[in-house]
């Protein structure tokens with residue numbers, strides 16, 4: 001048994017039945033592209049992110065705990081970027097995030113075993129609209145703190161436009177505003193206004209708090 005901690009994200013696409021047949025058909029490919037972008041952005045210390053897509057609109061992903069919130073943000077904004085639409089019709093995902101130990105990590109994630117997989121799946125089943133994300137670990141106090149932060153972050157995220165979602169990967173790579181302006185072929189004042197309107201500073205500080213927690217030994221286990 002591996003005593004290391006892992007983060008497992010179990011998710012499904014919200015209202016996938018309302019997607020057009022063409023959009024639904026390319027969803028697995030779109031999800032694969034999004035998942036494959038996680039490691040280049042998160043730069044994990046040792047464990048490469050693994051994922052599985054099933055039933056066409058559901059997925060499970062395992063990564064280092066420090067990468068969990070970045071992965072969550074990449075998935076949510078990646079879907080909004082891939083399927084541009086007004087906010088009322090944007091493609092989104094429910095995601096249950098769990099951090100804990102595993103018994104075995106298989107090449108096919110759905111064949112892996114460990115309580116953290118069960119925690120993530122059960123958490124997903126409890127999420128009801130408008131809430132689309134939850135967090136669970138053995139540490140109840142940290143769960144309360146992180147879930148409160150997730151609710152606030154989610155409220156900020158759901159207001160982002162497609163254009164704002166598209167710069168999130170660049171922000172997660174710590175590109176400065178001049179560099180983002182160059183990549184997106186826009187003016188720096190436009191980038192500055194966009195970032196300020198996103199409330200990005202608050203989201204970034206909250207994610208830094210989470211990463212600091214994930215780097216502390218025993219943070220997600222029973223106190």
| request: Tell me which of these residue 131 doesn't satisfy, since it passes every other one: (1) within 15 Å of the chain's Cα centre (by Cα); (2) in a helix (DSSP H, G or I); (3) under 18 Å from residue 96 (Cβ atoms). | output: (2)
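Residues checked against (1) free of Cβ contacts under 8 Å to residues at least 40 places away in the same chain; (2) touching a strand residue (DSSP E or B) at 6+ places or on another chain (Cβ under 6 Å); (3) surrounded by fewer than 20 Cβ atoms within 10 Å (Cβ to Cβ); (4) at negative phi:
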site: 11; (1), (2), (3), (4): no, yes, no, yes
site: 23; (1), (2), (3), (4): no, no, yes, yes
site: 30; (1), (2), (3), (4): no, no, yes, yes
site: 44; (1), (2), (3), (4): yes, no, yes, yes
| request: May I ask you to say which residue of 133, 110 is touching a strand residue (DSSP E or B) at 6+ places or on another chain (Cβ under 6 Å) and at pLDDT 95 or above? | output: 133
| Going by the conditions given, is residue 99 within 22 Å of residue 203 (Cα to Cα), touching a helix residue (DSSP H, G or I) at 6+ places or on another chain (Cβ under 6 Å), modelled with pLDDT of 95 or more and surrounded by 13 or more Cβ atoms within 10 Å (Cβ to Cβ)? | yes
| request: Assess whether residue 134 counts as being within 26 Å of residue 12 (Cβ to Cβ) and buried (at least 19 other Cβ atoms within 10 Å of the Cβ). | output: yes
| query | Would you pick out the residues in the stretch 47-78 that are over 21 Å from residue 162 (Cα atoms), surrounded by 24 or more Cβ atoms within 10 Å (Cβ to Cβ) and out of contact with any strand residue (DSSP E or B) (no Cβ under 6 Å at 6 or more places or on another chain)? | reply | 67
| task | Identify the residue in the stretch 212-223 that is within 20 Å of the chain's Cα centre (by Cα) and surrounded by fewer than 17 Cβ atoms within 10 Å (Cβ to Cβ) and, among all such residues, is modelled with the highest pLDDT. | result | 212
| query | Is there a residue being in contact with a strand residue (DSSP E or B) (Cβ under 6 Å, 6 or more places away or on another chain) and either under 12 Å from residue 60 (Cα atoms) or outside any loop (DSSP other than H, G, I, E, B) (or both) anywhere in the stretch 86-93? | reply | yes
| said: Considering only residues that are in a helix (DSSP H, G or I) and touching a residue at least 60 places away in the same chain (Cβ under 8 Å), which ones fall in the stretch 165-187? | reply: 165, 166, 168, 169, 172
| task | Tally the residues that are farther than 20 Å from residue 70 by Cβ and assigned to a helix (DSSP H, G or I), restricting the search to the stretch 138-162. | result | 3
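The values are calculated or read from the model by the stated rules, or taken from the named source; none is laboratory data. All values reported here derive from a predicted model rather than from experimental measurement. Heads up, the Cβs are rebuilt from the backbone with ideal geometry, glycines too, and the neighbour counts pull from every protein chain shown.
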